[in-house]
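The next block holds one structure in the form of C-alpha cells; read it before the comments.
Where a number appears in this text, it was derived from the coordinates with a stated rule and is not lab data. Remember, it's a predicted structure, so these values are computed and weren't measured experimentally. Ideal geometry is used to build each Cβ from the backbone, glycine not excepted, and the neighbour counts take in all protein chains shown.
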Amino acid sequence: MPENAKPLVYFVRHGQTDWNAEGRFQGQNEVDLNSTGRKQADRNGKLLHELIGSPDDFDFVASPMRRTVETMQRIRAAMDLDPDAFRTDDRLVEVHFGDWQGHRLADLKRLAPDVFQKRRLDKWNTVPPGLGAESYQMLLSRMKPWFDELNRQTVCVAHGGTLRAVFRLAGGLDESEAAHLAIPQDQVLRFSEGVLEWL
C-alpha cells in the first residue's frame with residue numbers, strides 16, 4: 001500500500017436509541033438501541049453482506065459502548081458471521097458531553113447559557129461544562145491515532161461524533177461543516193481511495 005494511502009473502510013453509526021429519538025445528548029452515557037435502531041443495524045448488515053465479497057480480509061472494530069456493540073453484533077449476524085467475533089477500541093467512544101448528557105438542546109439555554117451561546121458560534125471547539133467533557137476537536141485528537149494506524153480493510157461501528165472527526169480527517173471538511181453535518185444511522189459510509197460516500 002503506498003505511503004499515506006488508506007485501505008477500504010466501511011463506517012456505520014450505531015442504530016437509533018430512545019435518546020436519539022428524543023433529541024437528548026448521549027455522549028458517553030450507556031443507552032441501548034430501540035426497535036428502530038435494531039432494524040437500522042440489520043439493514044446496514046444486509047447491505048454490507050452485499051458489498052463485501054470475502055469478509056475474511058476485513059478487520060471488524062467497534063466502540064466498546066453498548067449501542068455500538070449491539071449494532072456490530074447485529075451487522076455481523078446479518079452477514080452470516082459470528083456476532084461476537086470482533087474487537088473494540090476505546091479511542092472510538094463518543095465525545096463526552098459533560099453535564100449536558102441526558103439533556104435536550106433546549107435545556108442548555110437554562111443549564112449553561114454562556115457556554116450554549118459559545119457553542120452556537122463555535123460548535124467544533126466548545127467544551128461543555130462538567131467533568132470529563134470534550135470538544136469535537138478533543139475527540140478528533142483522541143481517535144486520530146486509530147485512524148492513522150488503519151492498514152487493512154475495515155468495518156467500523158462508531159458514533160456521530162467519531163464520524164464527524166472522520167469527515168475532518170479524510171473528507172476535507174472544515175470545522176463548522178463537520179460540526180453541523182447530518183450523520184444518518186440507516187446508511188453505510190464508504191471510505192475508498194480518499195473519497196467518503198454514503199450508501
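Assorted remarks:
Here's the yes/no breakdown for (1) among the charged types (D, E, K, R); (2) under 21 Å from residue 41 (Cα atoms); (3) surrounded by fewer than 20 Cβ atoms within 10 Å (Cβ to Cβ):
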position	(1), (2), (3)
96	no, no, no
125	no, no, yes
159	no, yes, no
165	no, no, no
170	no, no, yes
195	no, no, yes
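- When restricted to residues that are in a helix (DSSP H, G or I), of a type in the set (Gly, Ala, Ser) and touching a Pro at 6+ places or on another chain (Cβ under 8 Å), segment 80-114 contains 1.
- Those residues of segment 132-176 which are touching a Gly at 6+ places or on another chain (Cβ under 7 Å) and free of Cβ contacts under 8 Å to residues at least 40 places away in the same chain, in sequence order: 133
- Qualifying residues in segment 72-87 (those that are in contact (Cβ under 8 Å) with a residue 12 or more places away in the chain and surrounded by fewer than 17 Cβ atoms within 10 Å (Cβ to Cβ)) - the one nearest to the chain's Cα centre (by Cα): 87
- Some residue of segment 68-78 being part of a loop (DSSP other than H, G, I, E, B), small (Gly, Ala, Ser), under 16 Å from residue 10 (Cβ atoms) and in contact with a helix residue (DSSP H, G or I) (Cβ under 8 Å, 6 or more places away or on another chain): no
- Within segment 55-64, the presence of a residue that is of a type in the set (Gly, Ala, Ser) and part of a helix (DSSP H, G or I) is excluded.
- Filtered residues of segment 1-56 (kept if of a type in the set (Ser, Thr, Tyr) and closer than 20 Å to residue 167 by Cβ): 10
- Count of segment 34-54 residues which are over 29 Å from residue 23 (Cα atoms) and touching a residue at least 60 places away in the same chain (Cβ under 8 Å): 2
- Residues in segment 129-165 that are touching a helix residue (DSSP H, G or I) at 6+ places or on another chain (Cβ under 7 Å), under 29 Å from residue 109 (Cα atoms) and either polar (S, T, N, Q) or in a helix (DSSP H, G or I) (or both): 136, 139, 140, 142, 161, 162, 164, 165.
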